[in-house]
Amino acid sequence: MVIDDSRAMRLILRRIVTGLNFDVVEAGNGREAMDRLEELEAVPELALIDWNMPEMNGLEFVTAVRADKKYRGMTLMMVTTESEHGQIVRALAAGAHEYVIKPFTPDAIVDKLVMLGLIPDGAHA
Amino acid sequence: MAPTGDDLQQIAEQVWASYLDTDGAKPLIPLPPDKLSKDVVAGVAVSGAWHGLVLVACSDVASKEAAAALLGMESDDVTEGDVDDALGELANVIGGNVKSLLPEPCTLGLPEVHNNADGDPWLAGDEICRFEATWMGEPMEVSVLEKPQGGGTE
Amino acid sequence: MSLAAHEFQFVSSLVRREASIVLEPGKEYLVEARLLPLARKAGLASVTEFLLRAQSPSGRQDRDSIVDALTTNETSWFRDREPFTAMTELVIPNVVKSRGPSRHLRVWSAASSSGQEPYTLAILLKENLPPGWTYEILGTDISTEMLARAERGRYSQLEVNRGLPAPLLVKHFTRAGAEWEVAAPIKKAVSFKRLNLAAPFPPMPAFDVVFLRNVLIYFDVETKRGVLKRIRNLLKPDGWLFLGAAETTMGIDDGFERVVTGRTSAYRPRTGTSAPVGVTGKG
């Protein structure tokens, strides 16, 4: 699941994870993402989450998802331009598993997914 | 601690390497452009311990090329909406990185894109740093404007 | 735009002379990719113009930067995980068990480049060694520019995004302007020194672990043999050597035995063959 209020960023992220054989569901903010999660039959393996979004921001989304046992299997990766040390600490404390700072190259996403064990090493060309 | 032109250059170069010049074929050249033009200005407001705007300004042609590169399309097919999305996101990413150089705590607003910025009241403020570059032969500029405390940063 | 034969010739003899590194024909793309940023930085339109300037009598600085650019490996923290997994799962438990009284670990990152590898090793040891253990890491490189960068220990946002888990980033780095800086306790454990692997080494105390990744591939067989022998002499008898994924000691230096661990291999000095200086192994 790709959650970002920027269509351009959703497209960039979609391109990267589609290339890694993930099926992608998009949402424009945290609230929309919660709604999509309710509708989906299977819990997504991975959510890439922007921080600054209207209605429900990424940190609030992470907190909400972590409070719900059904979503325990979902890996939460913040992908955001928030780059202060304290912000990363806050997001990890709220339950995010990983954190990528924008701007990022596709390799950065791939590296983190390898380290999280979501894709095998060398799966990407 | 305040951001400098060198900081803006470093941030802009990383943004270009990540999104607009991924194969090194379209480098952002750190030389002032021959002609200045601010056909399109995208900005994000920063508010909190510091108030102001982080701006990306460029020519019409450069804005279409940027949208094409970011969205993976042909520049001829780029619509005004594409330009708004793309430039807005560039301003957002650059703005977030600039914010980390400003006093804490600050929050980032959502991006706005304005055309033809001459005399635009949105752009009133004191410029504290600027990075001018040439991209694909077109002018590209990143700057930071400080606004008087509480003065209309939305 | 592609590199002319005489241009490639100039660059390959330069790096061979200065760094004993062999650039086989076919590596033109690599030369070009690495030199293009140098040309741009110099404000020149093409690699050809840059090489012309480098070949002039006053081009010493350009020639040094060419050697630097071609001898530098891109490194990215824990990205190439296997050797680091082997460190935590195999090497550390082993050393902790066998090296009871001394409680100190010496590690050499033998091509430290911009410093990610030695700092990664320092982070790994800090996180995984039992309390009471100390460690030191030596990073060496042939490039003085890279050593200066490594010593500074500051990395861009893009660099810390590559292969560094966020929990370790916030624990072991601080923000320094637009960059991130390695925190003091990690920095203190790492020292840097210029060293040409292809030449005789200065005297150094023996190491428990040596990382020599993606360096041998640049050398011809004779040079490889010399490097491996010198390293073997500096490795404790129960020490460990890690090479790049595409590299091996096999067929080059039979004083090492290979230990397969997970999806990678480590190399250990073969018992009874801690060859004294001047005695080469057979073959």
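The values are calculated or read from the model by the stated rules, or taken from the named source; none is laboratory data. Predicted model only: the values in this text are computed from it and were never measured. Glycine gets a Cβ as well: all are built from the backbone with ideal geometry, and neighbour counts include every protein chain shown.
On the stretch given as segment A:84-125, residues that are surrounded by fewer than 21 Cβ atoms within 10 Å (Cβ to Cβ), assigned to a helix (DSSP H, G or I) and within 14 Å of chain B (Cβ to nearest Cβ) total 6. Picking from residues in segment B:129-149 that are hydrophobic (A, V, I, L, M, F, W, C) and in contact with a Leu (Cβ under 8 Å, 6 or more places away or on another chain), the one that is surrounded by the most Cβ atoms within 10 Å (Cβ to Cβ) is B:144. Consider residue C:127 carefully, then state whether it is modelled with pLDDT of 95 or more, touching a strand residue (DSSP E or B) at 6+ places or on another chain (Cβ under 7 Å), away from every other protein chain (no Cβ under 14 Å) and not in a strand (DSSP E or B). Criteria not met by residue C:127. Taking the criterion of being over 14 Å from residue A:68 (Cβ atoms), surrounded by 12 or more Cβ atoms within 10 Å (Cβ to Cβ) and either at pLDDT below 95 or touching a Phe, Trp or Tyr at 6+ places or on another chain (Cβ under 9 Å) (or both), the residues of segment A:28-49 that qualify are A:29, A:31, A:45, A:46, A:49. Each residue in segment C:166-213 was checked for being closer than 26 Å to residue B:18 by Cα and modelled with pLDDT of 95 or more, and 12 pass.
I'd like the full set of residues that are surrounded by fewer than 22 Cβ atoms within 10 Å (Cβ to Cβ) and assigned to a loop (DSSP other than H, G, I, E, B), limited to segment C:130-150. Result: C:130, C:131, C:132, C:133.
Selection over segment B:4-18 of residues that are touching a residue at least 12 places away in the same chain (Cβ under 8 Å), surrounded by 18 or more Cβ atoms within 10 Å (Cβ to Cβ) and touching a Lys or Arg at 6+ places or on another chain (Cβ under 9 Å) gives a count of 3. In segment A:33-64, how many are touching a residue at least 24 places away in the same chain (Cβ under 8 Å), in a helix (DSSP H, G or I) and not polar (S, T, N, Q)? The total comes to 10. In this entry, residue A:71 passes the filter for residues that are more than 26 Å from residue C:159 (Cβ to Cβ) and either of a type in the set (Phe, Trp, Tyr) or surrounded by 21 or more Cβ atoms within 10 Å (Cβ to Cβ) (or both). Filtering segment B:39-78 to residues that are within 12 Å of chain A (Cβ to nearest Cβ) and without any contact (Cβ under 8 Å) to a residue 24 or more places away in the chain leaves B:67, B:68, B:71, B:72, B:73, B:78.
Taking residue C:96 as the residue in question, decide whether it is closer than 24 Å to residue C:139 by Cα and crowded, with 19+ Cβ neighbours inside 10 Å. Here the answer is no, as residue C:96 does not meet what is asked.
In this structure, is residue C:76 within 14 Å of chain A (Cβ to nearest Cβ), of a type in the set (Gly, Ala, Ser) and not in a helix (DSSP H, G or I)? Considered against the rule, which asks whether it is within 14 Å of chain A (Cβ to nearest Cβ), of a type in the set (Gly, Ala, Ser) and not in a helix (DSSP H, G or I), residue C:76 comes out as yes.
On inspection, residue C:152 qualifies as at pLDDT 90 or above, within 18 Å of the chain's Cα centre (by Cα) and of a type in the set (D, E, K, R). Scanning segment A:18-32 for residues that are at negative phi, assigned to a loop (DSSP other than H, G, I, E, B) and out of contact with any Asp or Glu (no Cβ under 8 Å at 6 or more places or on another chain) yields a count of 5.
Residue C:40 meets each of the listed conditions (1) touching a residue at least 40 places away in the same chain (Cβ under 8 Å); (2) more than 25 Å from the chain's Cα centre (by Cα); (3) in a helix (DSSP H, G or I) apart from (1). Condition test on residue A:24, is it under 13 Å from the mean Cα position of the chain (by Cα), closer than 30 Å to residue B:21 by Cα and surrounded by fewer than 23 Cβ atoms within 10 Å (Cβ to Cβ)? Yes, satisfied. Residue B:122 fulfils the conditions (1) more than 12 Å from every other protein chain (Cβ to nearest Cβ); (2) touching a Gly at 6+ places or on another chain (Cβ under 8 Å); (3) of a type outside the set (Val, Ile, Thr); (4) under 27 Å from residue B:31 (Cβ atoms) except for a single criterion, (4).
Taking segment A:4-17 as the range and being small (Gly, Ala, Ser) and part of a loop (DSSP other than H, G, I, E, B) as the test, only A:6 passes. Within segment C:155-211, the set of residues being more than 9 Å from chain A (Cβ to nearest Cβ), in a strand (DSSP E or B) and among the hydrophobic types (A, V, I, L, M, F, W, C) comprises C:176, C:182, C:190, C:192, C:207, C:209, C:210, C:211.
When segment B:1-33 is filtered for residues that are in a helix (DSSP H, G or I), within 11 Å of chain A (Cβ to nearest Cβ) and not aromatic (Phe, Trp, Tyr), the ones remaining, listed by number, are B:11, B:12, B:13, B:14, B:15, B:17, B:18, B:20. Taken over segment A:65-83, the criterion of being assigned to a loop (DSSP other than H, G, I, E, B) and either within 14 Å of another protein chain (Cβ to nearest Cβ) or touching a Phe, Trp or Tyr at 6+ places or on another chain (Cβ under 8 Å) (or both) is satisfied by A:81, A:82, A:83.
Of all residues in segment C:106-123, those being touching a Leu at 6+ places or on another chain (Cβ under 9 Å) and in contact (Cβ under 8 Å) with a residue 60 or more places away in the chain number 10.
Within segment B:111-131, residues that are touching a residue at least 12 places away in the same chain (Cβ under 8 Å) have Cβ atoms under 7 Å from residues that are in a loop (DSSP other than H, G, I, E, B) and of a type in the set (A, V, I, L, M, F, W, C) in these pairs: B:123/B:117; B:128/B:2, counting only partners at least 6 apart in sequence or on another chain.
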